[in-house]
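Presented below is the structure to which this report refers.
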Amino acid sequence: MSLLKSAATISSLTLLSRITGVVRDMLIARYFGSTASTDAFYVAFRLPNMLRRLFAEGAFQQAFVPMLSDVKANQTQAQTRAFIDKVFSVLAAVLILTSIVGVLAAPALVWLIAGGLAANPEGFDLATELTRWMFPYIFFMSLVAMSAGVLNTWKHFAIPAFTPVLLNISFITFILFLTPYLERPIFALAVAVVVGGFLQLCIQIPSLMKLGVMPRPVNPFKALKDFAVRRVLKLMVPALFGVGVAQLSLLINTNIASRLETGSVTWLSFADRLMEFPTALLGVALGSVLLPGLSAAFAKNDMARYNALLDNGLRLVVLLAIPAAVGMGLMADGLVAFLYQGKNFQAYDVTQTSLAVVGYSFGLIGLIAIKILAPAFYARKDIRTPVKVAAVSLVCVQLCNILFVPLFAHAGLALSIGVGSCLNAFILFVILLRRGLYSPMRGWFFWLFRIVCASVAMGAALMYLQLDMNWIAMQSEWMKRAGYLFLYIGIAVVVYFLLLFALGFRVRDLNPKRV
């Protein structure tokens, strides 16, 4: 399966996930608005989410997938299955312990991530209680991440890409049917998180059983004696620092947001969810396909395929991320008003969330490019380099916060993350070039030239179309606003691709010859 086809499969399912995610966020905005309660929920949800990204989707997958590809390529099927069993047993034991500690230490964790809530004891206590309810989510999602790593290595991408849909369906169901019966309706969201995590794990099981790689528990202490398992743990150490740097940046920014105007955490969360559309559809989809492919190519010493995969991934990033950034930035008001504005999410909330979207859009290409560039190092079992670069990025983000937060409040936090992501991606790219790990293939100059010209034309068209448009004022005309929004997006897409083709772009350019 080609990179483009595999990425398209994941992207289509990820699109379904993002559509159901938008419905979920629309309901949260309309049912709960931008209040101290929603701030408390997003703080509480961020804790297990942060640890999930740190241990599961981040450090664990970066270490596990390349090692699994290596074992699969060079050892027998029985040895590969034994390796999966041992890693599963060690991971499950650590997760159970982590969940227990998280529930007991919830007050300290909430204070650490959002100390500003302490000024409002009721909000702080609510965040603590919600954290205790939702912390077991990390157990389910970490095992989901491991299962996804196994399935992706066997080139079964569909189920892992579909699983987030179940979390969104859980949210939608419990918001609609449980909220009216609860004294504190916000707890419907906590129930949805735990049930959604459980469902995401369950849906992976049939595929694992069919492939004959369903993990079986073994003694975790004996499993730790295995060389390959210890190798995964050894690779995780620098990866933890790398992902930890990104999560530390998120923690600091959440703490800063909790000390700003009430609603800031919620505005940033809604903006972040909106930016996940292009990030997930392109960055996560390509990253999920690239890591097993790059790892397999490196394990077989097929550097020509390694280079071609990376080059194709970067071309797709430029092709779609640049216009996405332009479109998100210019259409922020329309998108936020259409998705979130309602009874409990008023015009002021729309404006503040839109500002955060604009801030994120400046760094969208960096956010997506990192998903492509980092796997180029992970596939070679080089996790230290992305760690060091992430540390530089963290310093950059916090220096930017000193400048941007006084000027733009919560939107300054989004802008700082964007700037830091672009710096991170740029440094990784330069290192790949200097070490001779990547050699650009033919046609890059004209590729960039056509895309920049088409993006500028698309941006000009969007600015012209919105000259007299007041998206917020159309609250009572939801269908009319939706019609204009989709019409403008459609025109932008047509303008972009028509000009690209007029300038000579062809799909075959995604498979160029080496310079």
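Pairs meeting the criteria (first residue in segment 201-214 and touching a residue at least 12 places away in the same chain (Cβ under 8 Å), second residue among the basic types (Lys, Arg) and open to solvent by 40 Å² or more (accessible area, probe 1.4 Å), beta carbons under 8 Å, at least 6 apart or on different chains) are 212/81; 213/81. Out of segment 72-111, which residues are without any contact (Cβ under 8 Å) to a residue 40 or more places away in the chain, open to solvent by 60 Å² or more (accessible area, probe 1.4 Å) and within 27 Å of the chain's Cα centre (by Cα)? 94, 97, 100, 101, 108, 111, listed by residue number. Provide a single number: the residues in segment 136-166 that are surrounded by fewer than 21 Cβ atoms within 10 Å (Cβ to Cβ) and assigned to a loop (DSSP other than H, G, I, E, B). Selection size over segment 136-166: 3.
Among the conditions (1) modelled with pLDDT under 90; (2) farther than 19 Å from residue 61 by Cβ, residue 91 misses just one, which is (2). Scanning segment 167-182 for residues that are within 20 Å of the chain's Cα centre (by Cα) and surrounded by 21 or more Cβ atoms within 10 Å (Cβ to Cβ) yields 167, 168, 170, 171.
When residue 36 is tested against the conditions (1) open to solvent by 30 Å² or more (accessible area, probe 1.4 Å); (2) over 20 Å from the mean Cα position of the chain (by Cα); (3) under 24 Å from residue 226 (Cβ atoms), the lone failure is (3). Of everything listed in (1) modelled with pLDDT of 85 or more; (2) surrounded by fewer than 24 Cβ atoms within 10 Å (Cβ to Cβ), the single unmet condition for residue 364 is (2).
Restricting to segment 16-40, name every residue that is part of a helix (DSSP H, G or I) and under 14 Å from residue 267 (Cβ atoms).
Matches in segment 16-40: 25, 28, 29, 32, 36, 38, 39.
Just a yes or no: is a residue in segment 111-120 in a helix (DSSP H, G or I) and in contact with a Phe, Trp or Tyr (Cβ under 6 Å, 6 or more places away or on another chain)? Yes, that holds for at least one residue.
Remark: pairs (first residue in segment 292-308, in contact (Cβ under 8 Å) with a residue 12 or more places away in the chain and outside any helix (DSSP H, G or I); second residue small (Gly, Ala, Ser) and open to solvent by 10 Å² or more (accessible area, probe 1.4 Å); Cβ separation under 9 Å; 6+ apart in sequence or on different chains) = 300/73. Please go through segment 433-492 and give me each residue that is modelled with pLDDT of 90 or more, among the hydroxyl-bearing types (Ser, Thr, Tyr) and under 27 Å from the mean Cα position of the chain (by Cα), ordered by number. Scanning segment 433-492 gives 455, 488.
The number of residues in segment 355-392 being of a type in the set (Gly, Ala, Ser), farther than 25 Å from residue 336 by Cα and part of a helix (DSSP H, G or I) comes to 4. Looking at 115, 149, 123, 197, just one residue is more than 26 Å from residue 92 (Cβ to Cβ) and in contact with a Leu (Cβ under 8 Å, 6 or more places away or on another chain), and that residue is 123.
Can you say whether residue 125 is within 30 Å of residue 387 (Cβ to Cβ), part of a helix (DSSP H, G or I) and among the charged types (D, E, K, R), as far as the supplied structure shows? Criteria not met by residue 125. Which residue out of 463, 479 is in contact with a helix residue (DSSP H, G or I) (Cβ under 8 Å, 6 or more places away or on another chain) and farther than 23 Å from residue 386 by Cβ? Going through 463, 479 in turn, just one is in contact with a helix residue (DSSP H, G or I) (Cβ under 8 Å, 6 or more places away or on another chain) and farther than 23 Å from residue 386 by Cβ: 463.
Being assigned to a helix (DSSP H, G or I), charged (D, E, K, R) and modelled with pLDDT of 85 or more is true for just one of 53, 81. Which residue is that? Write out each step before concluding.
Numbers: 53 fails: modelled with pLDDT of 85 or more.
Answer to the check: 81.
Within segment 355-386, the set of residues being hydroxyl-bearing (Ser, Thr, Tyr) and over 18 Å from residue 237 (Cβ atoms) comprises 360, 361.
The values are calculated or read from the model by the stated rules, or taken from the named source; none is laboratory data. In this text the structure is predicted, and so the values were computed from the model without any measurement. Cβ atoms come from the backbone with ideal geometry, glycine included; neighbour counts cover every protein chain shown. Only protein heavy atoms, including side chains, enter the accessible area calculation; ligands, DNA and RNA are left aside. Shrake-Rupley method; radii C 1.70, N 1.55, O 1.52, S 1.80 Å.
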